[in-house]
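The values are calculated or read from the model by the stated rules, or taken from the named source; none is laboratory data. As the structure is a computational prediction, the values presented were derived from the model and not from experiment. FYI the Cβ positions are ideal-geometry reconstructions off the backbone, even for glycines, and counts take in every protein chain you see. For accessibility, only protein heavy atoms count, side chains too; no ligands or nucleic acids. Shrake-Rupley method; radii C 1.70, N 1.55, O 1.52, S 1.80 Å.
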Amino acid sequence: MSRSAHPAGPRYADVLPEGHYTPPPADLNALDARVWSRTVARDAEGVVTVGGIGVKQLAEEFGTPAYFLDEDDFRARCRAWRDAFGADADVFYAGKAFLSRAVVRWLHEEGLNLDVCSGGELATALAAGMPAERIALHGNNKSAEEITRAVEAGVGRIVLDSFQEIVRVAHIAERLGKRQRVQIRVTVGVEAHTHEFIATAHEDQKFGLPLAGGQAAEAVRRALKLDALELIGIHSHIGSQIFDTSGFEVAAHRVVKLLAEVRDEHGVELPEIDLGGGLGIAYTSDDDPREPREIAVALRDIVTRECAAAGLAVPRISVEPGRAIVGPTAFTLYEVGTIKELPGLRTYVSVDGGMSDNIRTALYDAEYSVALVSRTSTAEPMLSRVVGKHCESGDIVVRDAFLPADVAPGDLLAVPATGAYCRSMASNYNHALRPPVVAVRDGEARVIVRRETEEDLLRLDVG
Ligand code: LLP
């Protein structure tokens, strides 16, 4: 691109690596519906609203930083997944993306099931009244206490992840006089096109038992021998933030192949397969995620086809979306504190949160969008790096983003699509107080997870 044609001025192209220059959007005040939750809009004064409430009012009432969750959008996404898969399939929301008692109640009301991966998530689910039979327990190293609690509560399934666990769960179930429904998690050997840390189906990693080499088949053999276990199916989760369906199709193909082998060896047709979560969402306008319906049709087609070829009855399918349900439903609201223009480099805009409320940028090089939301501006676009207030130079919230050049201390910025893996991965680094989650719906806002206080911090520090 010729430097003189550069809409944001010559210096901006220089600071971005070759080939990575994306011109600023035509209108910095526009809100791309792909990255903002459904009820987000600008009011007549130019203030961004969610659920009909302006962000200035929200900031005044709840402070910043804070996550604002669009409840209508959350519920609509639950329904979209449930309707896409229909009554003969199950949708398990992956609680690790974000879990609170209010969320559990919404899931229950919207007819979803829940996947938990720790004792803490299980406790939250049970405390909010999710029926135990609609809960699945995951984890590659569940403790005896976690397994005991899950079996006692009567969870619908425990997903077994190792040879030791097969025996452990059987032993605990036997001791409690119960027969536990279980699935076996397998790795199908798919290279999902996503960040290494969130890809989970290649063989060289800690989750699941590989299909290749026969460990998965051996796990089935062992589980079928134990009376305290009712083996209901096979589980595969190929990774996270995935945009194309081909990885799921390969996984479905290989899992059905195992079902056929199990039928041939044991004369047993396992009735269920779980194809995990992982559907990507739009963090920026460049992302183009698939709709739940597309995923549902693709998975159903491939499973039906493969089963027909293998002479198997079509098993009940389940999926476990986390990010695709909650991710797009929330934004983080920050207040700008300081601004540093480094001539010839870039402008650093510091906000009152950072890596303690969103670790994803630092951890996965995740990309986010950001907008000035407390007002509109006609100032020229300024390439900015939105950074937090932590004592670490990697404390970046949004690496490269255009903000209006007149952005000033006291302005409110919002980072959309922070509903998944932001509050749930939040930390107290630098003794930051983890922000609240506020649910907004029909002109009403209510705290569903309150802001931490210094008393909370000191309560744990026993001196
Ligand atoms: N099922 C299983 C067995 C999983 O391990 C996961 C995610 C899910 C379902 C839900 O995946 P989702 O639909 O949300 O992509 N912290 C990372 C993501 C880690 C995902 C771990 N497992 C991130 O922030 O991108």
Over region 316-451, what is the mean sequence separation of C-alpha contacts under 8 Å (at least six apart), divided by residue count, expressed as relative contact order in percent? 30 percent
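What's the local net charge at D90, with K and R +1, D and E -1, over the other residues with C-beta under 12 Å away?
Spelling it out: positives minus negatives among the neighbours equals -2.
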At R0 = 51 Å the Cβ-Cβ FRET efficiency linking V268 and E45, nearest 0.05, sits at 0.20
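For a protection proxy built on the mean count of beta-carbon atoms within 10 angstrom, sort 305-311, 182-188 highest first, please. Before the final figure, lay out each step's value.
Working: 305-311: 14.4, 182-188: 26.1.
Highest-to-lowest ranking by the protection proxy: 182-188, 305-311.
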Based on the mean of other beta carbon atoms within 10 Å per residue, what is the order of 411-424, 450-463, most packed first? 411-424, 450-463
Value at 222 nm in deg cm²/dmol, rounded to 500, when DSSP H runs of n ≥ 4 in the chain each add -39,500 (n - 2.57): -9000 deg cm²/dmol
Once amide H atoms are placed 1.01 Å from N in the peptide plane, what residues at a sequence separation of 5 or more from G419, or on another chain, have their amide H within under 5 Å of its amide H? T329, A330
Rounded to the nearest percent, how much of the accessible area of the chain (1.4 Å probe, protein heavy atoms only) is carbon and sulfur? 49 percent
Extension length gain for K178 and A212 (0.36 nm per residue less Cα distance), in nm, is 9.0 nm
Report the label-to-label distance for T378 and H171 in nanometres (one decimal), using points 7 Å from each Cα along the Cα→Cβ vector. 7.4 nm
How large is the Rg to Rh ratio of region 345-390 when both quantities use alpha carbon positions and Rh follows Kirkwood? 0.99
Under the classification rounded if a/c is under 1.5, otherwise prolate if a/b is larger than b/c and oblate if not, where does region 126-190 fall, given a ≥ b ≥ c as square roots of the Cα gyration tensor eigenvalues? oblate
Kindly state, to the nearest 0.05, the FRET efficiency for D406 paired with D442, given R0 = 41 Å and r defined as their beta-carbon distance. 0.75
Length-normalised contact order of the chain, Cα under 8 Å, at least 6 apart, in percent, tallies to 19 percent
With every protein chain left in place, what is the accessible area per residue of the chain in square angstrom, probe 1.4 Å? 42 Å²
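Below 11 angstrom from the Cβ of D161, what's the summed charge of the other residues (Lys, Arg +1; Asp, Glu -1)?
In short, +3.
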Which Cα, out of I53, A153, V256, lies furthest along the positive dipole direction of the chain (beta carbon charges, K/R +1, D/E -1)? A153
Starting at the first residue of region 253-269, write each ³J(HN,Hα) from the Karplus equation 6.51 cos²θ - 1.76 cosθ + 1.60 with θ = phi - 60°, in whole Hz, x for Gly and Pro. 4, 6, 5, 5, 4, 5, 4, 5, 5, 5, 4, 5, 7, 10, x, 10, 9
Considering the Cα positions of region 253-367, please state its Rg to one decimal place and its Dmax as a whole number of Å. 22.5, 72
Between T338 and E61, what is 0.36 nm times their sequence separation minus the Cα-Cα distance? Round to one decimal in nm. 97.5 nm
Given the convex hull of the Cα atoms of region 48-107, what is a quarter of its surface area in nm²? 5.2 nm²
Relative contact order computed over region 138-321 (Cα-Cα under 8 Å; 6+ residues apart), in percent: 18 percent
Rounded, prolate or oblate: which fits the chain when a ≥ b ≥ c are the square roots of the eigenvalues of the alpha-carbon gyration tensor, with rounded for a/c under 1.5 and prolate only if a/b beats b/c? prolate
Would you please state which residues of region 308-327 a label at R79 would reach in this model, taking the label point 7 Å out along Cα→Cβ and a backbone N cut-off of under 11 Å? none
How high is the FRET efficiency between A132 and K225 when r is their beta carbon distance and R₀ equals 30 Å, given to the nearest 0.05? 0.70
